[in-house]
Every structure is written in C-alpha cells, then in structure tokens.
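This report refers to the structure that appears directly beneath it.
The numbers here are math on the coordinates, done by the rules we state, and not lab data. Predicted model, so just to flag it, every value in this text is computed and none were measured. Don't worry about glycine lacking a Cβ; one is built from the backbone with ideal geometry, like all the others, and counts go over all protein chains shown.
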Amino acid sequence: MSAYAGSLIFVFILGGIVFYGAMKQRIIQGFSLQEIVTIALFCSLLYIATLPFKFGLSRIPFIQAFIFSIPFTAVLVVGIRLVPKCGTATFIIFGNSLLSQIISRGINPLWWPYALLAGFVLELYFMISRNYLETRMNALGAGLLRGFTVYIYFYFFSAPFIWHLHYAFWYVCVQTIQGIAGSGIGALIGFAVSRPIRNAYRHGGV
C-alpha cells in the first residue's frame, strides 16, 4: 500500500511538472474539432490494436510484453504524429484506458495512474527534446522510454497492489526488456506508416 501510495504522489508531481513546463514554454494549445475527433479515433484504434493479444496471443509464454508493445506503440506514434500537440499523448493513452475499462471490467480508478504516467512521461520527453516525433530517432526514443516506464510501473506497483501478484525479479527484467524492444520496434513502424497517413490527414482529415 505504501509503495503504491508513493507512486501516486510521484505521478501527480510529474503531472505538475509537465503542466508547469508546458505553461512556461507556452506550448499549451487548444484542439480543433478535427483534432478531438482524431484523438478519440486513436483511443479506439489502440483498443483494436490490442485485441489479437487479448484473444489469444497473450497465451504465448514469456513474450507477452513484446507482442503487446509493437502494435500498441505503432498506433500511438501515428496518433501523436497526426496531432503533434502537448496533451495528445496523455489524452490518447488515458482515453484508451477508460475505453478498455468500460468495455471489459468496468471503471477502476486504481489503473488511472498507470495510464497517466505513460502519458506524462512522453509529454515531458517531448518538451525536453522540443520534438513531437518529427524524426525517427525521436520516435525511437519515445518508444523505448514508454516501454521502460509502463512495464516497470506495472510490475512493481500496479500488479502487486491491484491484483496482489508479485513477480520474480528475473521475470520483471525479462518482460521489461521485451516491452522496451517491442515499443522501440513499434515506434519505428508507426513513424514509417504515419508518413502517408499524415499527408492524407493534412489534405482531408481522417
């Protein structure tokens, strides 16, 4: 309980840092109706991207994190590339989390810090790099960072507190390494796929 409570404090502090940094850099912008629709669409696409994992691929032993991370990160990168604004990553990830909960287990606020952390970390990364996935290396860095953050938080904080499951350290390391690798590959795929999609988006929308 104390570890999870401490993680909540960390997530809220990180969110405050992101908000303060965005205000200081004056990068907080409003979203047009088209951008809001695009963000909502990618919340749904993230859910669709995980369906093969939920319907069978999750049963493949030891490589679940690798299989899950590739399509998830690829879709996320495309969404951020289409709406490269402060807040997009957080809205897409958190929106997908809410959608997944509504469709499956029901709303559970205990999972919200996991989704918010994933978004806040990327927002901070974009602010520091001053780059919203405009280069392949920036996309790769975002993917690797996402993989490291979400799997460390899930196995050390979310799963033990919410599911009462405690994983062996070696297993956490294996899954985290796979999650990092899968997220990196997914980011590169998303970056490549997003080029024609972004051209079409600029000329007519999604």
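Couple of notes before you dig in:
- For Cys86, residues with placed amide H under 5 Å, excluding near neighbours: Gln29
- The helix-based estimate of mean residue ellipticity at 222 nm for the chain, built from -39,500 (n - 2.57) per DSSP H run of four or more residues and divided by its residue count, is -25000 deg cm²/dmol to the nearest 500.
- Taking the inverse of the mean 1/r over every pair of distinct Cα atoms in region 1-144 gives a Kirkwood hydrodynamic radius of 16.1 Å.
- Computed about its Cα centre, the charge dipole of region 2-204 is approximately 340 debye, with only Lys, Arg, Asp and Glu carrying charge at their Cβ.
- Taking the inverse of the mean reciprocal distance over all distinct Cα pairs, the Kirkwood hydrodynamic radius of region 23-85 comes to 13.4 Å.
- Span from the region 163-206 Cα centroid across to the region 20-65 one, whole angstrom: 10
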